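*Asks:* Can you read through this structure? Questions will come right after.
Since every read-out is calculated from the coordinates, none of them should be taken as a lab result. Computed from a predicted model, the values in this text were never measured in an experiment. Cβ: placed from backbone, ideal geometry, glycine included. Neighbour counts: every protein chain shown.
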Amino acid sequence: MPTNTQPTEKKVSVVVIDDDKNILELTSLILSKQGFRIYAAESANSGFELIIRHSPELVLLDYMLPDMDGLTALQQIKIRFPDTYVVMLTGRGSEEVAVELMKNGASEYILKPFNNRNLAERLNNVLRIREIELHNRQLQKQQEELLSEIEQWNLELQRRVREKSEALQTAQKEILQSEKLAALGYLSAGMAHEIRNPLNSISLFIQLMRQTTDEPDQLDYQSKVLKEVERIDSIIRRLLDASRRTRNISSNVHIDEVIDNVVESFATQIETRKIVIDRRYHCIPSPIKADATELEQIFTNLFLNALDAMSHGGSLIFEVTEADDRVIIRVSDSGCGIPEDLLENIFEPFFSTKSRGTGMGLPVAQRIARMYEGFMGVEESSPNGTTFRLEFPILR
Ligand SMILES: Nc1ncnc2c1ncn2[C@@H]1O[C@H](COP(=O)(O)OP(=O)(O)OP(=O)(O)O)[C@@H](O)[C@H]1O
Ligand SMILES: [Mg+2]
């Protein structure tokens, strides 16, 4: 702030705008002596140019100017240069005008003629107020910035909480599913034992019945029953074998060979059901670490579902690619598709839309994929077909 005692401080700039040359000279003289740096202009427009060039702290503005009335000049300065404070110079007897000017943003008004001491003192007062107000404005801006930063953080926090809650929900669902699967494994092993005994009895009684009749129809029915009993027995044996089977993990499983084996095992159905198989292996897939038989089970379950979905024939595409250290397999059928509202249920154990489905195909397949740190999900489904996506980490 300019005072006589501290002339070495950075000088405060003042643009004086007055068409009266005497006033200009007088104010310039008084204020320069008080340590202000003065720029003088005789019209509003040349005054604006000086403001643009020197960004002064203050403007001393005459109310009567040749090119613009004082009120308009004041309003323009307040809009264009908000950090520049304006002190108005008005003639005596126009206090009402002075009030109007203050309302429009003037910081002070000085009635002409004035005395030198009074002028400097009042400018210094305005400067002090200006300094406080600018400081306040800066604080306010910082506060607004802080508030908006806090708001951003809040949003980010909300987003993270939402994300974690969703992950938690998914994890809980998965735990429930694997518990159901474990219970089913335990139950089916027990049930298989229990069913095989009465099945044996049925088989024995039929064989006894065969010895008591010569009737061709009876004999035919009996042999059909026997065949069905044998079929049930072989299914149960397979189930038991699978549950007893020790896992055979190899580091050298090639997914293309796994798919080829499954396709081969379905050769008869492919022909009779008029299914076109399209194998698109875009690379020689890198080996993955898994039990090949378990991986075959995944594709077998997908194959069976695809056959069910394509009752009038269709195409089944197996696409194999690699990206980001993962083998990616897409299995696309041209079947009836999965309705959108069922998509979140199909991996639940026992969920089935088929009259004779057990609802175990997909959950078992997904569990196997996850066991090998892989992924299995529906990539796309529409009334024109369904694409399942599988991913397995490549062994490095
Ligand atoms: N490729 C597909 N196209 C249309 N719907 C499908 C397809 N795959 C699965 N689904 C739907 O998902 C459900 C669950 O499939 P999942 O294989 O788990 O059981 P399922 O086939 O019904 O019975 P299971 O396989 O145990 O005999 C099916 O009932 C069917 O509604
Ligand atoms: Mg199935």
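*Asks:* What is the set of long-range amide H partners of Glu57 at a cut-off below 5 Å, with H atoms built 1.01 Å from backbone N?
*Replies:* Ser13
*Asks:* Select from the chain the helices, each a whole stretch of DSSP H, whose alpha-carbon atoms run 20 Å or more along the helix axis and whose Kyte-Doolittle mean is at least 0.0; answer none if there are none.
*Replies:* Membrane-span-like by this criterion, though nothing is claimed about a membrane: 292-309.
*Asks:* Using a cut-off of 13 Å between alpha-carbon atoms, which aspartates and glutamates can reach Lys180, once sequence neighbours fewer than 8 places away in the same chain are excluded?
*Replies:* Once the sequence-local aspartates and glutamates are set aside, what remains near Lys180 is Glu348.
*Asks:* For the cross-link pairs Lys33/Lys112; Lys10/Lys33; Lys78/Lys103; Lys11/Lys141, which exceed 22 Å when the distance is taken from alpha carbon to alpha carbon? It would help to have the intermediate numbers written out before the result.
*Replies:* On the way: Lys33/Lys112 20 Å; Lys10/Lys33 15 Å; Lys78/Lys103 12 Å; Lys11/Lys141 27 Å.
Too far apart for the 22 Å limit: Lys11/Lys141.
*Asks:* Let me ask another. Treating the stretch 102-160 as a set of equal point scatterers at the Cα positions, no solvent, please give the Debye-formula log₁₀ I(q)/I(0) at q = 0.30 Å⁻¹.
*Replies:* Evaluating at q = 0.30 Å⁻¹ gives log10 I(q)/I(0) of -1.12.
*Asks:* Taking springs between alpha-carbon atoms closer than 10 angstrom, which of Gly185, Gly374, Gly105 fluctuates most in the Gaussian network model of the chain?
*Replies:* So, out of Gly185, Gly374, Gly105, the one fluctuating most is Gly105.
*Asks:* Can you tell me which of 107-116, 80-89, 349-358 comes out highest on packing, and rank the rest after it, using the mean Cβ neighbours within 10 Å? Could you put the intermediate results ahead of the total?
*Replies:* Details: 107-116: 15.5, 80-89: 19.0, 349-358: 12.5.
Highest-to-lowest ranking by the protection proxy: 80-89, 107-116, 349-358.
*Asks:* A follow-up question, please. Can you list residues from other chains, or at least 5 along the same chain, whose modelled amide H is less than 5 Å from the amide H of Arg279?
*Replies:* Here Phe318 satisfy the definition.
*Asks:* Further question on the same structure: If you look at just the Cα atoms of the chain, how large are its Rg and its Dmax in Å?
*Replies:* Cα-based Rg and Dmax for the chain come out at 45.7, 145 Å.
*Asks:* For the chain, set up a GNM with springs between Cα atoms under 10 Å and report which of Glu294, Glu373, Glu42 has the largest fluctuation.
*Replies:* So, out of Glu294, Glu373, Glu42, the one fluctuating most is Glu42.
*Asks:* Among Asp18, Asp278, Asp260, which one shows the biggest mean-square fluctuation in a GNM of the chain, springs joining Cα atoms closer than 10 Å?
*Replies:* Asp18
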